[in-house]
Each structure stands twice: as structure tokens, then as C-alpha cells.
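Structure first, then comments.
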Amino acid sequence: MFQHSLGTSEGGAISGGESTPEQVKFVGTHRLYWLPGAGLKKIAITEMRHAEAIAERVVAHGGTPVTAPSPITIGESAHEMMELDLRQEREAIRLYEQIIPAAQREGDQLTAELFGKILADEEQHYRHFSALLGLPG
Ligand SMILES: [Fe+2]
């Protein structure tokens with residue numbers, strides 16, 4: 001993910017010359033930075049929102065959402081973590097592709113629409129992890 005830096009120095013971009021310590025403290029540019037952690041954080045927040053929305057649908061159907069997470073495998077390296085994330089996105093996509101028509105068969109359009117939106121997010125996550133791993137999306 002390309003991001004703007006945190007800020008600019010007073011008076012604009014630094015283009016040579018000397019900076020005061022105060023300026024250096026806040027120096028930034030609008031160059032593009034590769035911040036994979038920012039993308040991962042955004043995905044994690046999206047996943048939490050998915051869990052909340054799904055929990056609301058469970059409650060709407062009279063159920064009780066579980067709060068105990070499934071076991072998590074983190075991986076031994078960043079590369080392995082990305083591979084595991086990619087696999088989990090693929091599994092989520094397959095699951096949601098089954099839930100949507102099931103909800104439609106039951107006449108539950110709200111659930112079908114919710115999982116349609118979640119599916120779109122998961123497909124985006126899949127492409128994100130594929131790109132991080134240098135795989136075709
Ligand atoms: Fe995801």
C-alpha cells in the first residue's frame with residue numbers, strides 16, 4: 001500500500017538546505033512508501049467489522065454468536081504468514097459463496113446482501129495477499 005508520509009515540514013517539502021531540530025522532527029514528504037503493515041491493519045479492522053456484522057445476523061436469527069476464536073496458526077515467517085492468510089481468504093470465499101445462495105433460498109435477502117459485501121472484501125483481501133506473495137490475483 002502506498003501511503004503519504006505523516007506530515008510535511010513547515011514551509012513545504014525539504015529541498016536541501018538545513019533544517020532545525022523542530023523541522024526534522026516533523027519532516028515528511030509526499031513520496032510513496034511501501035507500508036504492508038498498514039494494509040494488514042486495514043484488513044484486520046475489516047475482518048473485525050465482518051465478525052460484528054455476522055454476529056448481528058446471528059442474533060437477529062435468535063442465535064448466540066460464539067466468542068471463542070478458532071485456533072490460529074501464525075506461521076514462522078512473514079512469507080508463511082501471508083501464505084496462511086491467502087489460504088484463509090480462499091476458504092472464506094468458498095464458504096461465503098455457499099452462504100449467499102443458501103440465504104437466498106431461505107428468502108433472507110439481508111443475510112445474502114451482507115455476505116455479498118463481505119465476499120467482495122474477502123476477494124479484495126485475496127488479491128492483496130496474492131500481490132504480496134507475487135502471485136497472480
Ligand atoms: Fe479477509
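Just so you know, all these numbers are worked out from the coordinates, no wet-lab data involved. Just so you know, these numbers come straight off a predicted model, no measurement behind them. In this analysis, Cβ positions are derived from the backbone assuming ideal geometry, glycine residues included, and neighbour counts consider all displayed protein chains.
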Exercise for the section: Could you point to the residue in Gly39, Ile93, Gly75 farthest towards the positive end of the stretch 36-132's charge dipole, with +1 and -1 charges on the Cβ of Lys/Arg and Asp/Glu respectively? Expected result: Gly39
Handout entry: Which of Ser130, Ser77 has the fewest Cβ neighbours within 10 Å, and the rest in rising order
Key = Ser77, Ser130
Practice task
Can you pull the one-decimal nm distance between simple spin-label points at Ala68 and Met81, each 7 Å off the Cα toward Cβ?
Solution key: 2.7 nm
Practice task
Go through the stretch 81-137 and name the GluC sites (Glu not before Pro) that are in a DSSP coil and have 13 or fewer other Cβ atoms within 10 Å of their Cβ.
Solution key: Glu106
Problem - Sorted by Cβ density within 10 Å, fewest first, the residues Ile45, Ile93 - result: Ile45, Ile93
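Between Ala44 and Ala102, take the C-beta separation as r, use R0 = 25 Å, and let me know the FRET efficiency to the nearest 0.05. Before the final figure, lay out the partial values.
Numbers: r = 27 Å, r/R0 = 1.09.
E(calc), rounded to 0.05, equals 0.40.
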